Amino acid sequence: MPSPLHKVYDHLLAAYGPQHWWPGDSPFEIMVGAILVQNTAWKNVEKAIQNLADADLLEPHALANASVEELQELIRPAGYFRLKTKRLLHLVRFVVDEYDGDLDAMFSVELTTLREQLLSLNGIGPETADSILLYAGGLPTFVVDTYTHRVLARHGWIGYEAGYYEIKDTFESELEQEVALYNEFHALLVRVGHRHCRKTPKCEDCPLAELLPEGGIYEPDN
């Protein structure tokens, strides 16, 4: 019998089709995007990434050697540019210092070990680390974000108090450990979150509406 999460996935995939996530022309660009997208919309990240590409800085060694002032100006469209410059340099210098800029070598490291290394870097939390591992590295780790929590909590599949690792474990214990499945599922949750599962929900025509318990949302979103 399929688990609730399999039903969620099937409903979302039937409604929206494949999402072809994450946007990016290379693993390194995806890593950069994972830092820049923190607390901003993707359209702003696209402008910053284009600036980096125009400056020939979308390569580990080149970016690691760029000046702070130059990077701040180039990524300004993504917002919080001073903070994100620091975080971006922490990440890229780690890649250069530990792996000589070789992403294939980096992503061949055992998943748990590499995840711990990423989490040790200033400015990289669980969501950013898992985004890098899944989307840039093609490694089987589920990414949890605000929409993931909101969709599951509103349908009663987790409690509203559930934290990142409880939600992550829910997905990874109920689903097959498949990179493509984790990738697609997260992207579909973001899609339904943008369209329907907002702070103020818009349940009409939501592909998951029929999966709501009787009486609708369990409790207001805080």
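Observations on the model:
- From the list Gly101, Gly159, the lone residue that is under 24 Å from Asp25 (Cβ atoms) and either part of a loop (DSSP other than H, G, I, E, B) or in the same structural domain as Glu59 (by TED's automatic domain parsing) (or both) is Gly101.
- Of the residues making up segment 162-197, those that are closer than 22 Å to Ala14 by Cβ, of a type in the set (D, E, K, R) and assigned to a helix (DSSP H, G or I) are Glu174, Glu184, Arg191, Arg195.
- Screening Arg154 on (1) within 13 Å of the chain's Cα centre (by Cα); (2) in contact (Cβ under 8 Å) with a residue 40 or more places away in the chain; (3) not assigned by TED's automatic domain parsing to the domain that holds Val32 shows it passes everything except condition (1).
- Of the listed requirements (1) of a type outside the set (D, E, K, R); (2) crowded, with 17+ Cβ neighbours inside 10 Å; (3) more than 23 Å from Tyr164 (Cβ to Cβ), Phe107 misses just one: (3).
- Near pairs, Cβ below 9 angstrom, 6+ apart or cross-chain, from segment 37-58 (at positive phi) to any residue that is among the aromatic types (Phe, Trp, Tyr): Asn39/Tyr80
- Note on segment 1-81: enclosed helices (runs of 4 or more DSSP H) holding 3 or more residues that are within 22 Å of Gly123 (Cα to Cα) are 27-36, 42-54, 60-64, 68-74.
- Within segment 23-49, the set of residues being of a type in the set (Gly, Ala, Ser), closer than 20 Å to Leu83 by Cβ and modelled with pLDDT under 95 comprises just one member, Ala41.
- Any chance Ser26 is surrounded by fewer than 17 Cβ atoms within 10 Å (Cβ to Cβ), under 17 Å from Gly101 (Cα atoms) and small (Gly, Ala, Ser): yes
- Among (1) in contact with a Pro (Cβ under 9 Å, 6 or more places away or on another chain); (2) closer than 21 Å to Gly137 by Cα - the single one Trp157 does not satisfy: (2)
The values are calculated or read from the model by the stated rules, or taken from the named source; none is laboratory data. Since the structure is predicted, the reported quantities are computational estimates derived from the model, not experimental observations. A quick note on method: Cβ atoms are made from the backbone with ideal geometry, for glycine too, and the neighbour counts reach across all protein chains shown.
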